[in-house]
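The values are calculated or read from the model by the stated rules, or taken from the named source; none is laboratory data. The shown structure was predicted, so the numbers you read here are calculated from the model rather than taken from an experiment. Cβ atoms come from the backbone with ideal geometry, glycine included; neighbour counts cover every protein chain shown.
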Amino acid sequence: MSRTNLLGLDLKGLEGFFAEIGEKPFRARQLLQWIHQYRVVDFAEMTNLSKVLRQKLIEKAEITPPIIEEEHLSKDGTRKWIIKLSCGNSVETVYIPEGTRGTLCVSSQVGCTLSCTFCSTGQQGFNRNLTASEIIGQLWLANETLGKQPKGNRVVTNVVMMGMGEPLANYKNVISAMNLMRDDLAYGISWRRVTLSTSGMVPMIDKLREDCHVSLAISLHAANNKVRSEIIPLNDKYPIEELLEACKRYVDVKQRRHITIEYVMLAGINDSMQDAKDLIRILKGLPVKINLIPFNPFPNTDYLCSSRNVISRFQKILTDTGLVATTRKTRGDDIVAACGQLAGEVQDKTRRTKRIAEEKTAVF
Ligand code: SAH
Ligand code: SF4
């Protein structure tokens, strides 16, 4: 019988596990602290559990974090970890320090099925969803590696689900991991500091609203369906109007829950003054912050980033109407750790990489 990896179980999951082995639910709370706050992986060291229970856990369970295969350190302090997974795949996790804040960019899938044309992960194809242990394991490893920080002195203050993969396409595991991020017995990070970014899976945005209180970022990237469908194929299924309706439902004025709109700046594609005006028009009435992301290049892409002048003019048009718009600082590009550059090692199970290669050859 295989042993259960307790690392990825949130409070409910752990309570279920203890019920199954005939133990009281409060054990779950003790385990959460041992695993996530003290980072103890050996049941024998869990001194507030009886010897009999410790032995039972040794037989039935394990606490196995993923393994860091490589670490790359950028000149700006950003760190990229390559996390080795079973079956030869790897994903990437990025740590971005800035002042008193430390943001961890977490991956949710090995590759991605959604093939956005401007994203390196999207061009890699897809292998599988990460397990909840592999997702929360990235935060566990970051805290472990950055120094054994006691609670209250965490190095990771913010988490963004913006690494490899579409988090809402791996819903159950991402929710367990985010529950752990939020739980005071585990990492205790406020909902404002846990952000999920999605390319726009409308039904799952509605589900998220019910299931887990976190901040939401939407990869909008275009102000009309023609351009958006060209760069985000998912837009054919969930066009801009439906996506923005879901955003309206997500926003909760009472809880001051707002949305961040992400907009990647692609030269000649979505960066005209008309695009800025269209963006203002479609976002009217929605409490949003806009985050312009300079496009980060990767091998074999034909896209170019908009010039600095174009980006600041675009931003000014937005801010002149009273919208809050910022431009994301590019971090870690010297170690290929910037937004959209994460590729890991994906043994593609779809035919995408092959098809893209064939399409490229067909053009020439
Ligand atoms: N799948 C999710 C989260 C991962 S991508 C999503 O699409 O939202 C995190 C952010 O980086 C998204 O806004 C994504 O559109 C953006 N991104 C992808 N490729 C990029 C690139 N090459 N340069 C800049 N941003 C990119
Ligand atoms: Fe997937 Fe997000 Fe990249 Fe699109 S931008 S391919 S959804 S990871």
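Annotations for the structure displayed:
- The set of residues in region 45-61 being free of Cβ contacts under 8 Å to residues at least 12 places away in the same chain and part of a loop (DSSP other than H, G, I, E, B) consists of Thr47, Ser50.
- Entirely in region 262-364, the helices (runs of 4 or more DSSP H) that have 1 or more residues that are at pLDDT below 90, in the same structural domain as Tyr250 (by TED's automatic domain parsing) and of a type outside the set (Asp, Glu): 352-363
- Applying a threshold of 6 Å to beta carbon distances and a minimum spacing of six or more residues, or different chains, the list of pairs starting in region 111-123 at a residue that is closer than 12 Å to His221 by Cβ and of a type outside the set (Phe, Trp, Tyr) and ending at one that is near ligand 2 (Cβ under 6 Å from one of its atoms) and not in a loop (DSSP other than H, G, I, E, B) reads Cys116/Gly122.
- Top-ranked residue in region 99-109 [being in contact (Cβ under 8 Å) with a residue 12 or more places away in the chain and over 17 Å from Leu196 (Cα atoms); ranked as surrounded by the fewest Cβ atoms within 10 Å (Cβ to Cβ)]: Thr100
- Between Ser307, Ser312, the distinction of being out of contact with any Pro (no Cβ under 6 Å at 6 or more places or on another chain), surrounded by fewer than 15 Cβ atoms within 10 Å (Cβ to Cβ) and free of Cβ contacts under 8 Å to residues at least 24 places away in the same chain belongs to Ser312 only.
- One residue alone among Thr78, Thr113, Thr131, Thr117 is surrounded by fewer than 20 Cβ atoms within 10 Å (Cβ to Cβ), more than 14 Å from ligand 2 (Cβ to nearest atom) and more than 12 Å from Ala343 (Cα to Cα), and that residue is Thr131.
- Region 23-53 - residue that is over 20 Å from Gly137 (Cα atoms) and surrounded by 19 or more Cβ atoms within 10 Å (Cβ to Cβ) and, of those, nearest to the chain's Cα centre (by Cα): Arg27
- Residue within region 217-224 that is outside the structural domain of Gly13 (by TED's automatic domain parsing) and surrounded by fewer than 21 Cβ atoms within 10 Å (Cβ to Cβ) present: yes
- Residue pairs whose Cβ atoms lie under 8 Å apart, separated by 6 or more positions or on different chains, with the first residue in region 77-91 and assigned by TED's automatic domain parsing to the domain that holds Lys349 and the second among the basic types (Lys, Arg), are Thr78/Arg331; Asn89/Arg128; Ser90/Lys84.
- Test: Ile175 is more than 20 Å from Leu283 (Cα to Cα), under 14 Å from the mean Cα position of the chain (by Cα) and crowded, with 17+ Cβ neighbours inside 10 Å: yes
- Only one of Met181, Met204, Met162 that is closer than 25 Å to Arg101 by Cβ, within 16 Å of ligand 2 (Cβ to nearest atom) and not β-branched (Val, Ile, Thr): Met162
- Scan of region 83-112 for residues that are at pLDDT below 95, more than 16 Å from Glu71 (Cα to Cα) and of a type in the set (A, V, I, L, M, F, W, C), ordered by number: Cys87
- Selection from region 18-39 of residues that are assigned to a loop (DSSP other than H, G, I, E, B) and touching a residue at least 12 places away in the same chain (Cβ under 8 Å): Ile21, Glu23, Arg39
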